[in-house]
Amino acid sequence: MRYSHIVFDVDGTLLDTARCILVSLQDALKETDGISVEYNDLVFALGCTSLVVLDRLEVKDPQATLKLWVENEDKYSDMIRLFDGVRELLEQLKENGCELGIVTSRTREEFDLIFRRQPVRDMFSTTICATDTDEHKPSPAPLLKYMEQTGTSAGELLYVGDSPGDERCASAAGVDFALAVWGIHADGIPAKYFPKTPQELYKEITK
């Protein structure tokens, strides 16, 4: 195994949450600000911290809108699912002695909300959320925090994500990056690995 720690983004990498996130945001914007935004015009929100999204949308009361957005995600949680092959990938990595971690742009509350029902929730040793660092992706701060907490060096770690912010975070931290092609919503993202499926990722890093 090339790495002792494999660290994952959540949305678009472990979980297919795009529809839940954007439908929940649409409903929140309609209720708090009385505006209707097309689904495709909100795709930029995937991979950003929630408050950055609301700032770009210039909502009247970001905290009120955020609260409703989170409540809506709970309401629409049946839309969320693990990507095919993710559970098997995590089991294989654990069997090979890898430590599994998470670095996400979600706050701790948001992360717990969507992850608490997932069958893989206990497989991760360390989770870094947006509330754990002052700076967020694409800053390297979240991955540096992970390395600080686990005593891991950059060369021992692989970060798996689906967005330009994930790649820039990994690059700035000196960490190898795998692009989860199975969940991406953007083109032209550089990476060391380009697995189309979780199983392809396993094969690439165990060659």
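Each value in this text was obtained by applying a stated rule to the coordinates, not by laboratory testing. For clarity, every value in this text was computed on a predicted model and none was experimentally measured. Note that we place each Cβ from the backbone using ideal geometry, even for glycine, and neighbour counts take in every protein chain shown.
So for the pair LEU82, GLU204, with labels modelled 7 Å out along Cα→Cβ, what separation do we get in nm?
2.1 nm
Only Lys, Arg, Asp and Glu count, each charged at its Cβ (+1, +1, -1, -1), so figure out the dipole size of the chain about its Cα centre, rounded to 20 debye.
Numbers: 22 positive and 36 negative charges, 88 e Å.
I would put it at about 420 debye.
Using only alpha carbon positions, build the gyration tensor of segment 163-207, then give the equivalent ellipsoid semi-axes as the square roots of 5 times its eigenvalues, largest first, whole angstrom. Each step should come with its number before you reach the end.
Numbers: eigenvalues 61, 38, 8 Å².
Working through the eigenvalues yields semi-axes of 17, 14, 6 Å.
For segment 81-189, what are the per-bin percents of Cα-Cα distances with bins 5 Å wide, up to the bin holding the maximum?
2, 11, 21, 25, 24, 14, 2
Based only on Cα atoms, what Rg/Rh ratio does the chain have, Rh being taken as Kirkwood's radius?
Details: Rg = 16.6 Å, Rh = 17.2 Å.
Ratio value, two decimals: 0.96.
With an 8 Å cut-off on Cα pairs and a minimum separation of 6 or more residues, tell me the relative contact order of the chain in percent. Write out the running numbers ahead of the final one.
Numbers: 357 pairs, mean separation 53.1, N = 207.
In percent, rounded to a whole number, it is 26.
Largest first and in whole Å, give the semi-axes of segment 57-111's equivalent ellipsoid, each being the square root of 5 times a Cα gyration tensor eigenvalue. Can you show the working numbers first?
Working: eigenvalues 210, 40, 13 Å².
Equivalent ellipsoid of segment 57-111: 32, 14, 8 Å, largest first.
Between ARG121 and GLU156, what length comes free when the chain is fully extended (0.36 nm per residue of separation minus the Cα-Cα distance, one decimal in nm)?
Details: separation 35, 0.36 × 35 = 12.60 nm, distance 2.26 nm.
The ARG121-GLU156 span can extend by a further 10.3 nm.
With the alpha-carbon atoms as the only input, what is the per residue convex hull volume for segment 133-207 in Å³?
Values: hull volume 6.5 nm³, N = 75.
Hull volume normalised by residue count: 87 Å³.
Quick check: pseudo-label points 7 Å beyond the Cα along Cα→Cβ at LYS30 and ARG2, how many nm apart are they?
In this crude label model, LYS30 to ARG2 measures out at 4.5 nm.
If all Cα-Cα distances of segment 1-117 are sorted into 10 Å bins from 0 onward, what percent lands in each bin, rounded to whole numbers?
Histogramming segment 1-117 at 10 Å steps yields 13, 43, 27, 13, 4, 0 percent.
For the chain, what is the mean residue ellipticity at 222 nm derived from helices alone (per DSSP H run of n ≥ 4: -39500 (n - 2.57); sum divided by total residues; nearest 500 deg cm²/dmol)? Spell out each step's value before the answer.
Numbers: 8 runs with 83 residues, N = 207.
Mean residue ellipticity, 222 nm, calculated: -12000 deg cm²/dmol.
When you count, for each residue, the other Cβ atoms within 10 Å and take the mean per peptide, how do 138-147, 122-131 rank with the highest first? Could you put the intermediate results ahead of the total?
Details: 138-147: 21.3, 122-131: 17.1.
So the order, starting with the most tightly packed, is 138-147, 122-131.
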